[in-house]
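Accompanying notes for the structure given below.
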2 protein chains.
Amino acid sequence: MRSSTLFLRTLRDDPADAEVDSHKLLVRAGYIRRAAPGIYTWLPLGLRVLGNVERIVREEMAAAGAQEIHFPALLPREPYEATNRWTEYGPNLFRLKDRRENDYLLAPTHEEMFTLVVKDLYSSYKDLALTLYQIQTKYRDEARPRAGLLRGREFVMKDAYSFDVDAESHAASYAAQRDAYERIFDRLGLPYVIVAATSGAMGGSRSEEFLVPSPVGEDTYVRSAGGYAANVEAVTTPVPDARAYDDLPAAHVEDTPDSTTIATLVDAANALHPRADRPWTAADTLKNVVVAVAHPDGEREVVVIGVPGDREVDPKRLEAAFAPAEVEQAGDADFAAHPELVKGYIGPAVLGPNAGGEREVDDDAHAGADGAARGRVRSGAVRYLLDPRVVAGTRWVTGANEEGRHVFDLVAGRDFTADGTIEAAEVRAGDPAPDGSGALELARGIEMGHVFDLGTKYSEALGLTVLDQNGKSRVVHMGSYGIGVSRAVAAIAEAYHDDKGLAWPVAVAPAQVHIVATGRDEEVFAAADALAVALDAAGLDVLYDDRRKVSPGVKFADAELIGLPVTVVVGRGLAEGTVEVRRRASGVTEQVPVADAADVVVETVASLR
Amino acid sequence: MRSSTLFLRTLRDDPADAEVDSHKLLVRAGYIRRAAPGIYTWLPLGLRVLGNVERIVREEMAAAGAQEIHFPALLPREPYEATNRWTEYGPNLFRLKDRRENDYLLAPTHEEMFTLVVKDLYSSYKDLALTLYQIQTKYRDEARPRAGLLRGREFVMKDAYSFDVDAESHAASYAAQRDAYERIFDRLGLPYVIVAATSGAMGGSRSEEFLVPSPVGEDTYVRSAGGYAANVEAVTTPVPDARAYDDLPAAHVEDTPDSTTIATLVDAANALHPRADRPWTAADTLKNVVVAVAHPDGEREVVVIGVPGDREVDPKRLEAAFAPAEVEQAGDADFAAHPELVKGYIGPAVLGPNAGGEREVDDDAHAGADGAARGRVRSGAVRYLLDPRVVAGTRWVTGANEEGRHVFDLVAGRDFTADGTIEAAEVRAGDPAPDGSGALELARGIEMGHVFDLGTKYSEALGLTVLDQNGKSRVVHMGSYGIGVSRAVAAIAEAYHDDKGLAWPVAVAPAQVHIVATGRDEEVFAAADALAVALDAAGLDVLYDDRRKVSPGVKFADAELIGLPVTVVVGRGLAEGTVEVRRRASGVTEQVPVADAADVVVETVASLR
């Protein structure tokens, strides 16, 4: 590649819509351009990085025994209807009609299609185990596409699917993909942590995420010194033992005027009803948060979540608990439909299974991902779900369901119960790990990969069975394994850059060497030409800045912005017979005799692999 | 690849929806599967062929100096609105809305996006010439998807675009792509003819198609012995000289009852009004065909086409003449709106510029592709367009605009004129080539490539200009160059198969060698294993049929169906120390000592390249 002809223009200024460094730098250095919100065009350098990521993924998939196929992006509604995902995906799904008014979608993921193609071709346990994959363009109509390639609406994914006759065989297929992921992220130069995860709209049971630690990541995860690691959405709360409450005083309702927040309630309690041993704190209060749950079938349910007053409800944990339903803020209409909910003074007396009113609980529909939110009241009564810490015997200050009044010494198990528990309260640094392995630390990460045990959700819905050794029909056990391929380009850029630009690892760099010829001396360009030829012959990819009327300063700045691993400056030093070899990441520079330049560059690139 | 694990099942029977051999065989041999009408899934062998085609295209694009980039498939409406193609594409365009109700499309082609990205990055004549390309998934909502990959609704194309400061420079860019196309089709093993073409909805002027001769092709083309070649849509009719008509008799209206077709008219004329010198023939009559033209803006126009009665109107030529408008059959409502059109007896007296009635002609809108159909009557009057053979002085029997009556000796130029000419009459074998190079032959072909001189249509619409040497703004001259990449897979299959299956050329075959081990003798499988290892080490791709419980007959049939260039049978001959090497295309078979097998196979594959 020569700069004089390469389709590339670097930009001095950050694009207006870019928030994170990788997005800013990939646009400024001429790797990508925005075509629409969350939809990007790949320019020559960007396409090369993407191709390098794809190649590494393909090599490791092949090494893991996975076979590549390729599905369409435009798919008919029917298979997604069979698994209910046509509905469950809600507004995240791009839907369209063809000229005959048939429903189509732009696939966000391909579980259904892989299941059906295996059903089409295979019928015996002898055909399994099988793992198929594709590298393919996917679509999700994100509400807030952000951060460039990190969360797009059109993006490239590797999705693999395993098919096994039983859970034991599945475990081996799952392990093979998980191992391949470790090798892939190692080769891409991406640091990662593997965390327990929820499975969201995918269904299934066990799942783990590969997160790249990064402050711009959208995921929060926890780790303990003892080795526990989980996405914050998947963290379970250690349940304290129930306590005896025989000696506890009876509940009593007190005036607490103007106390619609936890802070004002604590102040009012301390002022009007002081506690003998210590002041009241937020942790003594039980906060009841009203949310509206939009179920995929269109039904809207009002749910109250009870959490200790010193913790917020974490919207992502709340969403995960109710997935695939979506959680929205409760609005005026919701409160109007439930006059028993007195804003700011809501308490258990009008909530939960003891609150009276006939209820019909549907145990199958809308089961929450973690099982906690299972069962749903269809009668219009309000379901009450409690944080797991609110065990029997804990005592609380909470709403009395009357304007300006709260109830004190309300004891769980004695004075109220709930419809179930829910993991919705925020996780905090210092919280205990659920497995007893120590206190949790919190960090942010970019989700780069996700491996799922799908169980038989899709094979059952779509009728994928095989005959086993005894001629008996067996529902196939599936797994699903995704990598964000285009997202990886951004994640690598996020991990490898400084204030001057990108600094690609050799394995994914669009070229390994940037030759910068400076000045106007024809001997300089002749030497640079010769070096480009020699490096090309040595099998290296070279970007050669052969522009004649561009200043050295601009060329150096471009080289640092573009971020190839090694830069060779051919310029004034040539008079003394030397060129300069710079390593982009470390900044290490050496003067090298021009005769040795090609060898030194080859060795330097090799040393950086 | 080993048959025991490869994701492949061959089928005994042709798929019910398949009409052409390539479609039948690609499905039966396990290369593709249908996901929806005109939408296909690539199975492992098919994806390998597609990858080989893509690789050859990429190599030749690079050799021609084109740079690869990659655009999204999902694009916003605005750029396509600016060029009017959002409307012009009509029902062929997949349109959809995102969650914010913004309009999007699935791009059928990317002229707009390429134009805009060059406008975004470049501004000087020094940046040009530039040729960019992508290999990308495209979408067209075809009314009749057919023939498998030959006409799909989701398909892979290579589309390249050239950008030049002037027409002279453009000619060089055009030639470079055209030359690359010749090399590409040569390497793919596709025989082709280059024919003059119309540019359809693309706009622009000069265009040529690369057609692969095939009876299943959708395109008809003509060739003369003297070297003229054109798509039938682009053939122009040599215009005869006008003739003197001073001596011709006056027109006279005669009774011709029950003569609403050319055949019945000729019979009636010969029976009731016989001609002295010879009988009347269809060639003496002027047939007036009523069509309805659906313009992209939604307006519907009734047009009458006059052609010699011995020729049909060719629907494809008619469509090409009116593109981007669509042509439909005139219906009852059209006739009701024009009571002057007496079905079966329509004649020039109520048509054309002399037919009376006020007209407002809009010369810019809806210009036909060949210029013939330019100008459109907006007043509701019927436009009359004549075949170019109907020159002044020709005399005709044609409708008298009264039930049961025709007019005789109606002379063009003397008794009637029209609003223009149109190339809509069928082209026949034996017709003269427009350049005088002899009589035309007709044949059918598959359109594999299309090269266009776009002129400044897109650069003007989207404001792509550069400053020239003198600092003057110049509108960039563009070219567009497409290859149907997924279609090429089918076209190659169409060109290389027999009644037993596919017979791939080495350059695109999913593997070069098929090792078939027969019987149950472990020594046979050991020898086959060793041969597979040796061929792999020699850099060949091998499919090794290592299935233990499958009969030799089934294995041989599979090998012929799958169609790899060379098959090696390791079986009974092994007792005598030989294996059999078969060439799929020629059927030539030789017995080879097992020790020489790898060398012979390597040489055989090399000889087939």
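Checking the cross-link pairs A:Lys24/A:Lys97; A:Lys24/B:Lys472; B:Lys119/B:Lys457 against a 26 Å limit on the alpha carbon distance flags A:Lys24/A:Lys97; A:Lys24/B:Lys472 as lying beyond it. For the stretch A:511-608, averaging the sequence separation of C-alpha pairs within contact (under 8 Å, six or more residues apart) and dividing by the residue count gives a relative contact order of 31 percent.
The Cα trace of the stretch A:511-608 gives Rg and Dmax of 11.9, 34 Å, the first to one decimal, the second as a whole number. For B:Gln469, the distances from its label point to the matching points in the remaining copies are 8.4 nm, ordered from shortest, with each point set 7 Å beyond Cα toward Cβ. Residue by residue, the stretch A:342-352 carries 3J(HN,Hα) couplings of 8, 3, x, 10, 6, x, x, 4, 9, 10, x Hz when phi is fed to the Karplus relation 6.51 cos²θ - 1.76 cosθ + 1.60 (θ = phi - 60°); x denotes Gly or Pro. A simple rule links phi to the HN-Hα coupling: the Karplus curve 6.51 cos²θ - 1.76 cosθ + 1.60 with θ = phi - 60°, which for the stretch B:67-77 gives 9, 8, 10, 8, 9, x, 8, 8, 10, x, 5 Hz, with x for Gly and Pro. Output needed: percent of Cα pairs per 10 Å distance bin for chain A, bins running from 0 to the one holding the longest distance. The calculated distribution, bin by bin, is 3, 14, 20, 20, 17, 13, 8, 4, 1, 0.
For the stretch A:288-360, GluC sites (Glu not before Pro) meeting the loop criterion (DSSP other than H, G, I, E, B) and having at most 16 other Cβ atoms within 10 Å: A:Glu299, A:Glu312, A:Glu340, A:Glu358, A:Glu360. In the stretch B:287-328, which residues have a backbone nitrogen under 17 Å from the label point lying 7 Å from B:Thr281's Cα in the Cα-to-Cβ direction? What the label zone holds, given the 17 Å backbone N cut-off, is B:287, B:308-312. For B:Arg2, nonlocal amide neighbours, meaning residues 5 or more places apart or on other chains whose placed amide H falls under 5 Å from its own, are B:Tyr544. Each copy carries B:Arg9; placing its label point 7 Å along the C-beta direction from Cα gives inter-copy distances of 5.5 nm, listed from smallest up.
Considering the protein assembly as shown, its Cα convex hull presents a mean projected area of 63.2 nm². Partner aspartates and glutamates whose Cα lies under 12 Å from the Cα of A:Lys158, excluding those fewer than 8 positions away in the same chain, are identified as A:Glu54, A:Glu60, A:Glu68.
Here is the size of the stretch B:434-546 from its Cα atoms: Rg then Dmax, 26.2, 81 Å.
Only helices enter the 222 nm calculation for chain B: every DSSP H run of n ≥ 4 contributes -39,500 (n - 2.57), and dividing by all residues gives -7500 deg cm²/dmol, rounded to 500. Within the stretch B:48-148, the GluC sites (Glu not before Pro) that combine a DSSP coil assignment with at most 10 other C-beta atoms in a 10 angstrom radius are B:Glu101. Inter-part distance, the stretch B:266-296 to the stretch A:525-579, computed on C-alpha centroids, equals 77 Å.
A cut-off of 5 Å between modelled amide H atoms, ignoring neighbours fewer than 5 places along the same chain, links A:Ala35 with A:Tyr40, A:Thr41.
Less than 5 angstrom separates the built amide H of B:Ala330 from those of B:Ala292, all sequence-distant by 5 or more or on a different chain. Per residue of B:544-553, other chain Cβ atoms within 10 Å of the residue Cβ number 0 on average.
Rounded to the nearest Hz, the phi-derived 3J(HN,Hα) couplings of the stretch A:139-153 under the Karplus curve 6.51 cos²θ - 1.76 cosθ + 1.60 (θ = phi - 60°) are 9, 9, 7, 4, 5, 9, x, 8, 6, x, 6, 5, 9, x, 9, where x marks glycine and proline. When the trypsin sites (Lys or Arg not before Pro) in the stretch A:548-581 are filtered for DSSP coil states and for at most 11 other beta-carbon atoms within 10 Å of their beta-carbon, the remaining sites are A:Arg548, A:Lys549. Legend: calculated FRET efficiency, B:Ser437 to A:Leu121, from the Cβ-Cβ distance at R0 = 56 Å, rounded to 0.05, equals 0.60. Legend: helices of chain A (whole DSSP H runs) are marked when their alpha-carbon atoms reach 24 angstrom or more along the helix axis and their mean Kyte-Doolittle hydropathy is at least 0.0; marked are A:44-63. Going from the fewest other Cβ atoms within 10 Å to the most, the residues B:His273, B:His450 appear in the order B:His273, B:His450. When the P(r) of the stretch B:229-301 is calculated, the portion above 17 Å amounts to 68% of the C-alpha pairs.
Here, each number is a calculation from the coordinates, and none is a lab measurement. Predicted model, so just to flag it, every value in this text is computed and none were measured. Counting neighbours? That spans all protein chains shown, and the Cβs are built from the backbone with ideal geometry, glycine included.
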